[in-house]
């Protein structure tokens, strides 16, 4: 059976894992490295598809968990599939729902990011067997995960098969195997058990997908590529074991999941990408800050996604070549420069910091819209510039020049 | 001194006050009758200027009170004026701030609309001298109105001169005289006193504007047209007195202010427009429902503004040829038709009711954006169609056909 996607490596960089490539999907080509924009509920917050095209966005990733909860994966199918409903003719990915399901457990969210920022980490790490942080909304067993809807308290149970079925119904070009995305505060024992589950679920996801593809050659499933997900937390042996196990399965590509610290991101990614098959695309899940994108690209990742550009933009934080600024700051109240001097995005070509700051202070919707447009343009084009630099053999210079100016 | 705007009547309708015209402003022509879109804080909620152009919007009205409070009228001037900051090259109006200042007093808002909807009205009418509804945030004297900011408690004082000065700073093409917009629940005695203030303030607004225009022929004020505002509540004699008094002053055009009931809108407007000079444009403030627009047009109003299209759209209510629907209704959960069949707006050309309902239920920003685009397109083009019908002598048929289908 014909592969739903084709990955062509155009150039490999000597002495590095980095490469330049093209992922050919039924809905067009993703030139890699590429930043994939998050459209959680089949919509990118605050942007129409025309605005997305303007920012240079080529590919969107939606969240299966959210679409399962509302409007429901069957309803997405009944409405014509995700491309049709959101009027997006380019490539679309969906994640497996694993991250959202497991983030309903204890240890995720604000607390974790606080914990991760604190050093030393050890005293703050809480083990899963400590009563008070046991997950309240999710229970995991051999076959899958049961969770309670945080909105209406209804109980749902997702297995690998059900995750893939949902993703078939939603109809993206690239879908992901169901995995357990563990919290970094979990114990090593727990990480190891969870990894076993992830590997077992990967096999089941793959098998279910294969069956459905073979049952009906014209089904949407036949045009969908399935990526396996490597987990293993911060443990080198677990990451390598996971890369080997998942890499040996016949996926169309691979995702690298988990929460990372700035410090361990590049090592974890390198461990994995040194093992994963070279001829298949690799997606680094949930990573999108400029420094991390450089690390991901030079360590062999092809695509990235992150809510940061739109989430930060919605709350008034914008990227500039000198680092992030908050547009509500009194500093910019009379600043007639664009958000980022030299930027060619819609917001920068037409509006000043002072005006966008006024919109932010006034809670005018146009404020988040303009900041999100700018941030997406900034991040999408930063990765496009990395691609150009790789092709021109100037990546290291581009990186050091960028990071010398960019202060976070 | 050259008039900043020119009003040309293209056609008068026999046996009616209705007319078709053109208001030529320094930023382009307003073909009348026309619906003017509200951009309270120098932004139309949820729409970029390109989206506004797509909906057919030609003119925007911003609110002086809101821009005075944030970012401040002087700051708008320092930023280059309202056209420049919001990147809108078409005509712009600003209101006087009167409506917002006085709506801080008792009797406005939700309560009033409840009162207005209840019949009989008399038992519900509360007089200003009843202690419990005395205005809390505004005090009126001979010269102007003092009010307390509802956000930070700071005290502000607006006189006619200050209102015009603010509007000079903001820099719209058409500005309005400072008036007292009374609540319809006020007593006749109060309405009459308020009307005297409005007339005195109209003279002072006009005089201040004249002085500023003469002081500096190149000042923004020299390119700004000033409209006087007719008030008088629901009282025929007060409305006629106001139309006569304001109509005799040398304004460039006229606004008709006040709150109306469906039942008394057309009579109040007719009383006024039978008296106002025919050769100057008339703007009906704050009116935008389809039925009311028909009444306004056939009773001689040229322009209209209302927050309804964007406010309703933001909250999921959309106009259709059959009446308003709420897109969150379970009825539309699997409805693959556009919001309004046959509509050529961006939302209707690209999306279904089911998808937009999903966005609404998901609180995705794109939902309010699409509903606002649709509603603006609907209302702006409804008034454009009235214009065409007037020119084609088919207005009454157009009106009866439309209202026969449109059920509210």
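Which residues, counting only those in the stretch A:390-401, are touching a helix residue (DSSP H, G or I) at 6+ places or on another chain (Cβ under 7 Å) and crowded, with 22+ Cβ neighbours inside 10 Å? Break it down into steps so the answer makes sense when it comes.
To start, the set of residues in the stretch A:390-401 that are touching a helix residue (DSSP H, G or I) at 6+ places or on another chain (Cβ under 7 Å) comprises A:395, A:398-399.
Hit for the stretch A:390-401 is A:395, nothing else.
Residue B:370 - would you say it is in contact (Cβ under 8 Å) with a residue 24 or more places away in the chain, in contact with a helix residue (DSSP H, G or I) (Cβ under 7 Å, 6 or more places away or on another chain) and either part of a strand (DSSP E or B) or away from chain A (no Cβ under 14 Å) (or both)?
Details: in contact (Cβ under 8 Å) with a residue 24 or more places away in the chain: yes; in contact with a helix residue (DSSP H, G or I) (Cβ under 7 Å, 6 or more places away or on another chain): yes; either part of a strand (DSSP E or B) or away from chain A (no Cβ under 14 Å) (or both): no.
Taking the combined requirement at face value, the residue does not satisfy it.
Output the number of residues of the stretch B:26-44 satisfying the condition of being over 13 Å from the mean Cα position of the chain (by Cα) and closer than 16 Å to residue B:378 by Cβ. Walk me through it before giving the result.
If we filter the stretch B:26-44 for residues that are over 13 Å from the mean Cα position of the chain (by Cα), which is where we start, we get B:26-33, B:41-44.
If we keep only those that are closer than 16 Å to residue B:378 by Cβ too, we end up with B:33, B:44.
Of the residues in that region, 2 qualify.
Which residues, counting only those in the stretch B:334-364, are in contact with a helix residue (DSSP H, G or I) (Cβ under 7 Å, 6 or more places away or on another chain) and over 17 Å from residue B:320 (Cβ atoms)?
Passing the criteria: B:334, B:359.
Of the conditions (1) modelled with pLDDT of 95 or more; (2) in the same structural domain as residue A:212 (by TED's automatic domain parsing); (3) closer than 18 Å to residue A:301 by Cα, residue A:15 fails just one. Which one is it?
Status for residue A:15: all satisfied but (1).
Among the numbered criteria (1) over 22 Å from residue A:223 (Cβ atoms); (2) buried (at least 24 other Cβ atoms within 10 Å of the Cβ), which one does residue A:19 miss?
(2) is the only condition that residue A:19 fails.
Is at least one residue of the stretch A:367-384 more than 25 Å from the chain's Cα centre (by Cα) and buried (at least 23 other Cβ atoms within 10 Å of the Cβ)? Let's see the steps before the verdict.
The initial filter retains those residues of the stretch A:367-384 that are more than 25 Å from the chain's Cα centre (by Cα), namely none.
Looking through the stretch A:367-384, none of the residues is more than 25 Å from the chain's Cα centre (by Cα) and buried (at least 23 other Cβ atoms within 10 Å of the Cβ).
The values are calculated or read from the model by the stated rules, or taken from the named source; none is laboratory data. Since this is a predicted model, take the numbers as computed values, not measurements. No Cβ is skipped: glycine too gets one built from the backbone with ideal geometry, and neighbour counts run over all protein chains shown.
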